[in-house]
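First comes the structure, then the notes that go with it.
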Amino acid sequence: MRKIKYPELKSELKQLAKEIREWKNNRKMDSRRKLGMQQWAVERQVEWRKDKFRHKHIAYCMLRGRKYEQIENFCRVAPDFGRINEIMGEYEQETLRISA
């Protein structure tokens, strides 16, 4: 069986990873002064993007045939599987339209 790579989802993951790195660099005092933001606001931006990345990454891996246990061996907070199924549904429909 040929595995589908889901290029749209993968490019979104790459973009989110890039945004996370950029926001992490904004944690420094000089960067925050330029942006005019407080430390908590920058941290909130990082955490929001990390959470979004985590759920999309799990959905991407599950679409490619992995089980959740293989993706995350240990986690303190369980992911929202409703959100993961929603993401998987979006991208499964897109690939079905392309192949039909």
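The values are calculated or read from the model by the stated rules, or taken from the named source; none is laboratory data. Treat the numbers as computed from the prediction; the structure is a model and nothing was measured. Here the Cβ positions follow ideal geometry from the backbone for every residue, glycine too, while neighbour counts run over all protein chains shown.
Being surrounded by 12 or more Cβ atoms within 10 Å (Cβ to Cβ) and either in contact with a strand residue (DSSP E or B) (Cβ under 9 Å, 6 or more places away or on another chain) or more than 30 Å from LEU63 (Cβ to Cβ) (or both) is the filter here; which residues of the range 8-27 pass it? Scanning the range 8-27 gives ASN26, ARG27.
The residue of the range 5-37 that is modelled with the lowest pLDDT, among those that are outside any helix (DSSP H, G or I) and not aromatic (Phe, Trp, Tyr), is LYS5. Inclusion of ARG66 among residues that are modelled with pLDDT of 90 or more and in a loop (DSSP other than H, G, I, E, B) is warranted. If you filter the range 34-80 down to residues that are farther than 21 Å from ARG21 by Cα and β-branched (Val, Ile, Thr), you find that the one that is surrounded by the most Cβ atoms within 10 Å (Cβ to Cβ) is ILE71. Scanning the range 10-58 for residues that are touching a residue at least 24 places away in the same chain (Cβ under 8 Å) and more than 9 Å from the chain's Cα centre (by Cα) returns LYS10, GLU19, ILE20, TRP23, VAL46.
Mind checking whether some residue in the range 38-56 is modelled with pLDDT of 90 or more, of a type outside the set (D, E, K, R), farther than 23 Å from ILE84 by Cα and part of a loop (DSSP other than H, G, I, E, B)? Yes, some residue in the range 38-56 is modelled with pLDDT of 90 or more, of a type outside the set (D, E, K, R), farther than 23 Å from ILE84 by Cα and part of a loop (DSSP other than H, G, I, E, B).
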